[in-house]
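Visitor: Submitted below is the structure of interest, expressed as structure tokens.
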Amino acid sequence: MLPTYLTLMLLFPLLGGLTCAVAGRKLPRALVEVLACATVWGSFVCAVLAAAAYTTPQVITLADWFASFDLSVPISLYLDPLSLSMVVMIGFVCGLIHVYSVYYMREDEDYARYFALLNLFVFAMLTLVLGETLPLLYLGWEGVGFCSYLLIGFWYSDPANADAGRKAFITTRIGDVALMIALAWLFQLFGTLSITKVNGMGFLMPVSVITMLGILFLIAAMGKSAQVPLMVWLPDAMAGPTPVSAMIHAATMVTAGVYLLARLLPLIGASKVALAAIAVTGAVTAFYGATCALAQRDLKRVLAYSTISQIGYMMLGVGAGAVTAATFHLLVHAFFKALLFLGAGCVIAAMHHEQDIYKMGGLRRSLPLTFWSFLIGAACLAGIPLTGGFFSKDSILLAVWLKGGVLYQALYLLGLITALITAYYSFRLVFLVFAGDNGHVHQSSGLTVMQIVLIPLAILGLLGGLLDLPAYLGGGFLSGFFASLPAGDLPTALHEQEIALQVVAGIVALVGLLAAYLRYGKARAERIREAQAQPSSLISFLAGGWYFDKLYDLVLIRPYHTLAGFLWKGVDEGVIDASVDGLGSGFGGVGRLLGRWSTGKVAVYLISFAAGGALILAYLAWLAL
Amino acid sequence: MSVPLSHVLIVASLMFAMGLGCVVAWRANVIMMLIGIEIMLNAVMLTFVGGSAHWGIADGQLFALMLMALTSAEVSLALAMVVYLHRRKQTVNTDNFDSMKG
Amino acid sequence: MTSLIPILTLLIFLPLCGSLLVFALRRSEAAARGVALAFGLAELALCLWPLALTGEKAAGAPAGYFLYQDAAWIERFGIRYTLGMDGISLVMTLLTAFITLIAVLSAWQVKERAGLFFSLLLALQAAVQGLFLSLDLFLFYLFWEAMLIPMLLLIGVWGSGRPVYSTIKFFLYTFVGSLLMLLAIIALYLMHGAQSGSYTFALPELVHTSIPYDLGLWLFAAFLLSFAIKFPLFPLHTWQPDAYCDAPAAGTLMLGSLLSKTAAYGLIRIAFPLFPEASRAFTPLIYVVAVLGIGYFAWIAFAQRDMKRMLAYSSVSHMGFVALGIAAWSPVAVSGALLQMVNHAVTTGALFVAVGMLEERADNRDLSGYGGTWGKIPVFSFFFLVFNMASAGVPGLNNFVSELIILVGTFRVAPLAAALAFLGTILTLVYTVRLVQEVVFGKEKKPLDLKDLSLREAGVLGVMALVVVALGVHPGPVLDLFRAPLEVLLKP
């Protein structure tokens, strides 16, 4: 039964997407909407059925994709706890967001394109997660990137949106190329592209090779998961419709990098350097994202930077070798971040597409449902004790702490500081958006449904901790479930140690909350007045994402533009073509020069004749002598 | 008593050189150029006859006879052309005839 | 039964007859068009026939060939009319028939001297088919030169911009290369004759010639130069943007999709097998040229405002992958290169056709004249997007598969070249996305009155899109066809 479930799980959204893409314009709107939602929910049902039927990790080969001599790439799927938990999460979150989208996009005429891409995205994401061979994984990997590109630029008539899509596509492509190169290298080394086989053969290779491979995969993950230094595309990606931001740029696609590294951890885990690089990237990104989120004014950009930061945590977890913790955070994050984005979507819809948080306020009363859900989401993000986010984030920090060594302890500290900042900016958001008054909003029937969608996500976010309770509370479901994963040998924590670390984390989160309350809760009006003024240079620095955009523009984009023109006009036409043309005109010139000799004057011919005769005679004479 | 071949050849070369000199130097007049060409041809004929006498074979003399016939035909044609050209351009200076320019 | 019907000869002469018939009917445009289409379809159908025969072995044929035909032609010089078809030729003839059919359909609207136009297209097809089938070097050379004539006329008569300049440039470039190749062929002929006593141009026999190393280098260089010009490889490409740009849409399609493939085919079929040692010596150079070309052309493509010129540069950039795969000369890499030839022909060809359709509508090829076509002509925009994504190597579409195979195959032999080539795909994406962005998305820059695709146009692009998807999802059958011939060609 399992192969049928998996096939259907992939086929539903694929067929839905293709139908919408090809015939969507001709079909009635309601049918397209129902079709799009039904396929994703169907896919979710299949995922649940597959979970029920699941016994042990297994590879399921469905068909051949391509084969040439010893290179053979089948369409084979791999179902293990990691992929299973991911597909269930993806099916559920994407299903909810599809329903939400129906109402959010109510007024948009181009619904066919929207739902086609959304469905195709689900297909690609599931392929990415389930793919057992690297090319199949890459199919999903590029596929989600492609859908994301078109969805970010969905409202294409504004060039800024289309530019944001393009930026995302190209930046992530840099990582994709690293993945391709790693893939080719793996084939050279092992003669196979099967992930499970490659994972089992890592010990055959010297550590230095594994390190290089690990770095390549890390670069791939940096692109897709928006890690420093390839993170610049994610904040701009918020140009897309909000449900898209929730689905692609928060819950699912951006965690693909984490998934990739977790999937290949048995291979790259053999290299300490690669793991350290992953951990450092993660921690630095977490810190970077959190600091940038502090200064943003756009509601969605705050959430975007917080996504970058939270994925940094997941990377940190992977870098510590804690796949379970990273996945735990990944799942919980998917719930609460989708919740936050969808909540933000409700706010934006109610505020007539106003996204500046300093112009909001008082929504606590006018949108109570949104307020409570958003509050839960923010609490999860901030890691307020006993929420899902608290447990998942803490399990990562615990793993980092237990890893030991100066580096990891420093990373732990950085993670803790980041947690403090996270709590602070999460509640800055809550206070600015929901506290205060002037809560005039634009109500509609769609808004009600949209708010209802938030409820299941809020429950999952709040209770997400139950997925994997700490060992002292009886241990968790995920840890047991993931026990079969061939992860690195992780030291287990003493209960006292674990409790101590959780207390520290809890205190940090509460301190952040308190600070946010003092600054934005009590003195909210003052802050809003301050926001009118020119921002300080530090604030602009943070708001501009540490000016990475400007740096890249200066170092990469502008030289690229200039050189492109130069290569064309200067080199291609100026040197290569000109030299050929020069050769041509050179021959022409010589011909004309010689042509001038034949003046038509008999005398010249005669003299030439005489001279020629004389030359021949002279030559003969020279020969004779 | 016979004239050695080398003497004949020397005289022929001198005549050829003179004819060539005449053709190259006296370009102001087509007629003079034609005379130069005739002299060059005569030098060639002399060579033929000399060679024929030297080896005792009649081929060279035959050739000389044929050349005479050819030359007379050529001269009559050339003079006709000179007359025609003179009618067209009122001059016999070769430098004025350059319509065969490449 | 198959031995009774000379399929191979028919494959060459059917389009030739078609060409003559169309020429005879040129007074009536509609009749000429209809006959051309009929012959195009017939040729495609005829090409499908050998698919059923791939398992067989033809009598007297060299290893790997399942259809073979041999007759004396100019016996005095040992020139024979030898045709053979193996998996590679089969795919190439199919491709030729398909692309020509598309060219006929996309040139439906040609007004000026339409009869002659279609006649030339079919003549060109006959020459290309002959080239892909000939096993006699002299015959190969004959078809190689014969291709030039209709192509030159197509550019010169129906071209836009500076057609005469482009035609002459194209002619001079390719002709210089061809002459060198002819010299090399004759040298090889004489050498083989002196060694074995039998003077012949038969490729399977010439392969056994033992060539002194130094001379081999020169001869291979002559072949390489000739093929590199037609390919074109950096830096012998400057005829190409001009010729592609100035040719009429159908001509660009033939030029970009088929003529460049003949060069790659020549490298695989002739140059590398004939000179195994010399080709090894030149391999590093080909790597450098291929990798440099991929990046360099992609970079320049970015600077173009003229869509056709951008696609021209894009086309050469993609051909770099073919060169890379051939240079690696390992079974996987060459099979990838062959597949890339097919994919490139379809994808780039479709893009040229699409731009041609756009040009037909607005009489403009400049990027600044378009924008936001998604809202106006969604069907066209959809196809345009699909082909561009295929060109950018999005998996699930065709180019990805072949590029991946080339990467994997080349990486084993030359990891650095393969890795650098793939860094070049970032640049590919940069210009592709720019093209999509400026045409399909954004705001309309100039008000245009565009009509969406007609049924014929949608059919043309639709069929090509189907091929793009089919080759991306299930390229297995095509790859299987390459297997047997490659085993023979790459035999150590």
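Visitor: A:Ile174 versus (1) crowded, with 19+ Cβ neighbours inside 10 Å; (2) within 14 Å of another protein chain (Cβ to nearest Cβ): which is the lone unmet condition?
Guide: Failed condition: (1).
Visitor: Are any residues in the stretch C:278-321 aromatic (Phe, Trp, Tyr) and over 18 Å from C:Phe352 (Cα atoms), and if so, which ones?
Guide: C:Phe282, C:Tyr287, C:Tyr296, C:Trp299, C:Phe321
Visitor: Right, next: State all residues of the stretch B:55-92 that are within 14 Å of chain A (Cβ to nearest Cβ) and at pLDDT 80 or above; if no residue qualifies, say none.
Guide: Across the stretch B:55-92, the qualifying residues are B:Ala78, B:Met81, B:Val82, B:Leu85, B:Lys89, B:Thr91.
Visitor: Determine whether C:Val332 is modelled with pLDDT of 90 or more, crowded, with 21+ Cβ neighbours inside 10 Å, assigned to a helix (DSSP H, G or I) and away from chain A (no Cβ under 14 Å).
Guide: Taking the combined requirement at face value, the residue does not satisfy it.
Visitor: Just to check your reading of the model, which residue among A:Ala226, A:Ala164 is more than 10 Å from chain C (Cβ to nearest Cβ) and either on the phi > 0 side of the Ramachandran plot or assigned to a loop (DSSP other than H, G, I, E, B) (or both)?
Guide: None of the other options fit; the residue is A:Ala226.
Visitor: Quick check on this structure: which one of C:Met357, C:Met389 is aliphatic (A, V, I, L, M), more than 7 Å from chain A (Cβ to nearest Cβ) and in a helix (DSSP H, G or I)?
Guide: Working: C:Met389 fails: more than 7 Å from chain A (Cβ to nearest Cβ).
Within the list C:Met357, C:Met389, the selection yields C:Met357.
Visitor: Return the residues of the stretch C:439-461 that are in a helix (DSSP H, G or I) and surrounded by 14 or more Cβ atoms within 10 Å (Cβ to Cβ); say none if nothing qualifies.
Guide: Matches in the stretch C:439-461: C:Val439, C:Glu457, C:Ala458, C:Val460, C:Leu461.
Visitor: Filtering the stretch A:66-115 down to residues that are surrounded by fewer than 21 Cβ atoms within 10 Å (Cβ to Cβ), of a type outside the set (S, T, N, Q) and assigned to a strand (DSSP E or B), which residue is farthest from the other protein chains (Cβ to nearest Cβ)?
Guide: Only one residue tops the list, namely A:Pro74.
Visitor: Next question. Where in the stretch A:249-338 are the helices (runs of 4 or more DSSP H), entirely inside, with at least 1 residues that are among the hydroxyl-bearing types (Ser, Thr, Tyr) and surrounded by fewer than 24 Cβ atoms within 10 Å (Cβ to Cβ)?
Guide: A:272-295
Visitor: Oh, and also: I'm told A:Cys46 meets every condition in (1) closer than 17 Å to A:Leu118 by Cα; (2) away from chain C (no Cβ under 14 Å); (3) surrounded by 18 or more Cβ atoms within 10 Å (Cβ to Cβ) except one. Can you identify the failing condition by its number?
Guide: Failed condition: (1).
Visitor: Let me ask another. Across the stretch C:153-177, which residue is farthest from C:Gly256 (Cα to Cα) among those that are surrounded by fewer than 20 Cβ atoms within 10 Å (Cβ to Cβ) and under 19 Å from the mean Cα position of the chain (by Cα)?
Guide: Result: C:Phe175.
Visitor: If you check B:Ala43 against the conditions, is it in contact (Cβ under 8 Å) with a residue 24 or more places away in the chain, touching a Ser or Thr at 6+ places or on another chain (Cβ under 8 Å) and either under 27 Å from A:Val602 (Cα atoms) or assigned to a helix (DSSP H, G or I) (or both)?
Guide: Numbers: in contact (Cβ under 8 Å) with a residue 24 or more places away in the chain: yes; touching a Ser or Thr at 6+ places or on another chain (Cβ under 8 Å): yes; either under 27 Å from A:Val602 (Cα atoms) or assigned to a helix (DSSP H, G or I) (or both): yes.
Judged against the criteria, B:Ala43 is a match.
Visitor: Could you run through the stretch C:295-323 and say how many residues are closer than 17 Å to C:Leu236 by Cβ and more than 12 Å from chain A (Cβ to nearest Cβ)?
Guide: Number of matching residues: 7.
Visitor: State the number of residues belonging to the stretch C:281-315 that are among the basic types (Lys, Arg) and not in a helix (DSSP H, G or I).
Guide: So the answer is 1.
Visitor: Would you mind finding the one in C:Tyr199, C:Tyr265, C:Tyr244 that is of a type outside the set (A, V, I, L, M), part of a helix (DSSP H, G or I), farther than 20 Å from C:Arg309 by Cβ and touching a residue at least 40 places away in the same chain (Cβ under 8 Å)?
Guide: Matching residue, one of C:Tyr199, C:Tyr265, C:Tyr244: C:Tyr265.
Visitor: Tell me, which residue of the stretch A:247-261 that is at pLDDT 90 or above and among the small types (Gly, Ala, Ser) is nearest to A:Val122 (Cα to Cα)?
Guide: A:Ala256
Visitor: Sticking with this structure for a sec: For the stretch C:75-186, give me every one of the helices (runs of 4 or more DSSP H) that falls completely inside it and has 2 or more residues that are farther than 30 Å from C:Gly476 by Cβ.
Guide: C:114-133, C:137-158
Visitor: Determine the pairs where a residue that is more than 12 Å from every other protein chain (Cβ to nearest Cβ), located within the stretch C:476-492, has a partner that is surrounded by 15 or more Cβ atoms within 10 Å (Cβ to Cβ) and part of a loop (DSSP other than H, G, I, E, B) with Cβ atoms under 6 Å apart, the partner being 6 or more residues away or on another chain.
Guide: C:Pro485/C:Gly64; C:Pro485/C:Asp86; C:Val488/C:Gly64
Visitor: Of the residues in the stretch C:51-63, how many are surrounded by 14 or more Cβ atoms within 10 Å (Cβ to Cβ) and within 14 Å of C:Leu83 (Cα to Cα)?
Guide: So the answer is 3.
Visitor: Can you work out which of the residues in the stretch C:396-416 that are modelled with pLDDT of 90 or more and over 16 Å from A:Phe187 (Cα atoms) is nearest to the other protein chains (Cβ to nearest Cβ)?
Guide: C:Phe400
Visitor: Do any helices (runs of 4 or more DSSP H) lying entirely in the stretch A:514-625 carry at least 2 residues that are more than 10 Å from every other protein chain (Cβ to nearest Cβ) and either surrounded by 15 or more Cβ atoms within 10 Å (Cβ to Cβ) or modelled with pLDDT under 85 (or both), and which ones are they?
Guide: Helices (runs of 4 or more DSSP H) meeting the threshold: A:524-532, A:537-543, A:548-552.
The values are calculated or read from the model by the stated rules, or taken from the named source; none is laboratory data. If you're wondering where the values come from, they're calculated on a predicted model, not measured in any experiment. All Cβ positions, glycine included, derive from the backbone under ideal geometry; neighbour counts span all protein chains shown.
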